[in-house]
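The values are calculated or read from the model by the stated rules, or taken from the named source; none is laboratory data. Since we're looking at a predicted model, the values are computed, not measured. Note that we place each Cβ from the backbone using ideal geometry, even for glycine, and neighbour counts take in every protein chain shown.
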Amino acid sequence: MGGDLFKDDAFFRSLVALGSDLTHEDLEKLCLRGPEKRLRLAQFLQPLLASVSLGYLRRVLQRGIMPDAVLGHSLGEITSLAASGVVTAEEAVTIAAKRGEFMDEAAARCNGCMIAVLFTPLDKVNEILASMNRPADIVLANDNAPNQIVVSGDCAATEEFSHLLRAQGIGRTKSILVSGPWHSPFMASARDKFKEWVASVPFKAPRVPILLNSSGAFEEDPAVIKDLITQQLVKPVYWRACMETLRNRNADVFLEIGPQRILSGLVRVNGFPKTTTVYNINNLTGLDRAAGELAHGS
């Protein structure tokens with residue numbers, strides 16, 4: 001993750017150094033050597049992911065690729081704040097570090113899990129959740145796409161959900177490797193601490209339109225944006241709604257900036273036509289390809 005940026009990107013390395021100072025951990029060493037179990041802790045992973053994404057974003061902007069709109073999934077929403085000009089890159093890394101710290105503290109007080117629910121419509125997921133009637137223990141966490149849902153909560157409750165789904169002979173579930181039950185009521189203490197902490201962080205009006213997870217809509221008011229990223233800790237990510245908003249605006253080129261290619265796949269399954277172009281910027285080779293093709297296309 002970010003291996004090519006570590007070699008000679010001073011801006012990126014300064015962000016990682018900031019994250020290291022904030023977390024009292026050598027994040028470069030943890031990122032490149034592990035151990036993976038420690039890397040997966042939100043307090044370390046979140047500032048690292050923010051740094052990697054912002055490192056590649058800076059390279060994208062330097063190549064003359066300017067976004068018409070930005071959005072991010074869950075933690076990615078924090079980096080999208082910097083991409084839209086609501087906060088600086090350094091502020092985004094700091095926000096990510098504090099967010100991760102508060103989330104890990106909350107996760108340590110529960111036995112939480114997250115599971116992906118595949119090939120099952122949202123109404124059926126909601127039907128099973130309603131039949132369980134345990135809203136304090138298990139909730140919808142992500143509505144990512146048709147037939148691609150995530151639920152979050154107590155591990156015993158997620159196991160019960162999986163059992164009920166299998167009993168009906170529909171879909172399947174898959175455990176997600178995370179360190180806590182994100183976007184669930186178990187994160188209430190993290191939300192409260194984050195709300196108090198982020199109150200002093202200055203948010204500006206976005207220079208680039210930003211689409212928010214909790215509303216599925218573009219937001220311009222800095223106070224509303226701050227509230228939505230705070231409430232997102234305990235509320236679902238409505239990614240499918242975000243994709244619908246962009247589809248209605250005829251978005252036809254996407255750049256997924258950061259590790260992996262998960263969001264690129266979510267573009268396809270959310271109904272965008274085959275003519276939609278999706279680039280993965282998770283290394284400098286991918287950046288060169290995108291910049292070259294976009295320059296040629298213009």
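For the reader, a short list of remarks on this structure follows.
- Some residue of region 25-44 being in contact with a Pro (Cβ under 8 Å, 6 or more places away or on another chain) and either on the phi < 0 side of the Ramachandran plot or of a type in the set (A, V, I, L, M) (or both): yes
- Applying the set (1) at pLDDT 95 or above; (2) part of a helix (DSSP H, G or I); (3) outside the structural domain of Arg63 (by TED's automatic domain parsing) to Gly265 leaves exactly one unmet item: (1).
- Members of region 46-69 that are over 17 Å from Phe11 (Cβ atoms) and buried (at least 24 other Cβ atoms within 10 Å of the Cβ): Gln46
- So Leu255, is it at pLDDT below 95 and surrounded by 13 or more Cβ atoms within 10 Å (Cβ to Cβ): no
- Candidates Val237, Val208, filtered to the one that is touching a residue at least 24 places away in the same chain (Cβ under 8 Å), buried (at least 18 other Cβ atoms within 10 Å of the Cβ) and among the β-branched types (Val, Ile, Thr): Val237
- Output for region 258-298, where each listed residue is small (Gly, Ala, Ser) and surrounded by 15 or more Cβ atoms within 10 Å (Cβ to Cβ): Gly258, Ser264, Gly265, Gly286, Ala290, Ala291
- For region 130-138, the criterion of being of a type in the set (A, V, I, L, M), in a strand (DSSP E or B), modelled with pLDDT of 95 or more and more than 17 Å from Ile257 (Cβ to Cβ) is satisfied by at least one residue.
- Evaluation of Ala157 against (1) assigned to a helix (DSSP H, G or I); (2) surrounded by fewer than 20 Cβ atoms within 10 Å (Cβ to Cβ); (3) small (Gly, Ala, Ser) (one fails), failing number: (2)
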